[in-house]
Amino acid sequence: MRHFLDPELPECPRILLIESGPRDAIERVILHLRDLFGPDVEMDLVTCYAGEPAGFRGRVFNVNDYGGAAGRHAFWLDLAQQKYSAAGVVCAAVPIMTKWKWWLAYKVPAKIFIINENADYFWLDRAHVRQLRKFVTKRLGISGAAAVPSLVRLVFFPLTLAYLLLYAGTVHLRRKLRQI
């Protein structure tokens with residue numbers, strides 16, 4: 001996340017891939033990355049799945065091996081030694097490893113790129129803010145025809161919550177007054 005303001009592509013001798021989505025997305029993006037950075041680029045993978053993706057040559061970190069706070073600390077010590085220059089995060093519409101991927105995106109001092117379920121990716125920097133905005137609005141369901149109902153629900157949520165709390169408070173107060 002530290003390279004958000006820098007639109008230049010870094011030299012990428014080492015890339016960390018965070019597989020928090022379907023396996024086929026990461027398998028397809030590996031081929032794209034080898035074309036972009038050359039066949040000698042080293043890649044490591046953080047995953048929750050067993051085994052390795054097809055065509056992957058590198059170290060695999062399975063998050064199931066690192067449980068609890070002590071496990072996360074050991075995991076971070078393993079990753080910090082690697083000096084990654086880029087990290088790819090799979091952001092598919094699947095809630096797999098959500099906390100892990102955002103924790104890693106925050107902690108790893110590398111330029112982040114977002115990978116969707118179609119193996120398309122874009123760099124997380126100021127040059128791609130328009131793509132990021134479209135991606136986020138699509139994921140949140142506030143784009144196109146779904147935007148108006150979603151925004152109306154968002155606006156009326158505090159009013160609905162206040163009404164329900166007031167109603168519950170009134171009912172409980174009436175019950176207490178009847179018991180006196």
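Basic side chains Lys and Arg get +1 at the Cβ, acidic Asp and Glu get -1 at the Cβ, and with that the dipole of the chain about its Cα centre reaches some 1420 debye. Pairs of Lys residues in segment 42-180 that lie 8 or more places apart, or on two chains, and have C-alpha atoms under 19 angstrom apart add up to 6.
Surface composition of segment 107-180: carbon plus sulfur atoms contribute 66% of the solvent-accessible area (1.4 Å probe, protein chains only, all chains present). Taking one equal scatterer on every alpha-carbon of segment 113-160, how large is log10 of I(q)/I(0) by Debye at q = 0.14, 0.19, 0.20 1/Å? Treating every Cα as an identical point scatterer, log10 I(q)/I(0) equals -0.46, -0.69, -0.73.
All other residues whose Cβ lies under 12 angstrom from that of Glu42 are scored, Lys and Arg at +1 and Asp and Glu at -1, for a net of +3. Segment Arg59..Leu159, full-extension length gain: 30.9 nm, with 0.36 nm per residue of separation and the alpha-carbon distance subtracted. Sorting 160-170, 131-141, 67-77 by their mean Cβ neighbour count within 10 Å, with the most densely packed peptide first, gives 131-141, 67-77, 160-170. Taking the convex hull of the alpha carbon positions in the chain and averaging its projected area over all directions gives 15.3 nm². Surface composition of segment 50-96: carbon and sulfur make up 54 percent of the accessible area, probe 1.4 Å. Using just its DSSP H runs of length 4 or more, each adding -39500 (n - 2.57), the chain gives a mean residue ellipticity at 222 nm of -15500 deg cm²/dmol after division by all residues. Helix 23-37 axis versus longest C-alpha principal axis of the chain: approximately 50°, rounded to the nearest ten.
Rolling a 1.4 Å probe over the heavy atoms of the protein chains gives the chain an accessible area of 63 Å² per residue. Taking the chain as the reference, fit the longest principal axis to its C-alpha atoms, fit the long axis of helix 68-80 to the helix C-alpha atoms, and give the angle between the two in degrees, 0 to 90, nearest 10. Between helix and principal axis, roughly 30 degrees.
Rounded to the nearest Hz, the phi-derived 3J(HN,Hα) couplings of segment 117-128 under the Karplus curve 6.51 cos²θ - 1.76 cosθ + 1.60 (θ = phi - 60°) are 5, 8, 6, 7, 9, 9, 7, 8, 8, 5, 5, 10, where x marks glycine and proline. Take each peptide in 17-25, 89-97, 122-130, count the other Cβ atoms within 10 Å of every residue, and average; sorted highest first, the result is 17-25, 89-97, 122-130. Rounded to the nearest 10 degrees, the angle from helix 147-179 to the longest Cα principal axis of the chain is 40 degrees.
The values are calculated or read from the model by the stated rules, or taken from the named source; none is laboratory data. Computed from a prediction, not measured in an experiment: that's the story for all the values here. Quick reminder, even Gly has a Cβ in these numbers, built from the backbone with ideal geometry, and neighbours come from all protein chains shown. Calculation scope for accessible area: heavy atoms of the full protein, side chains included, ligands and nucleic acids excluded. Shrake-Rupley method; radii C 1.70, N 1.55, O 1.52, S 1.80 Å.
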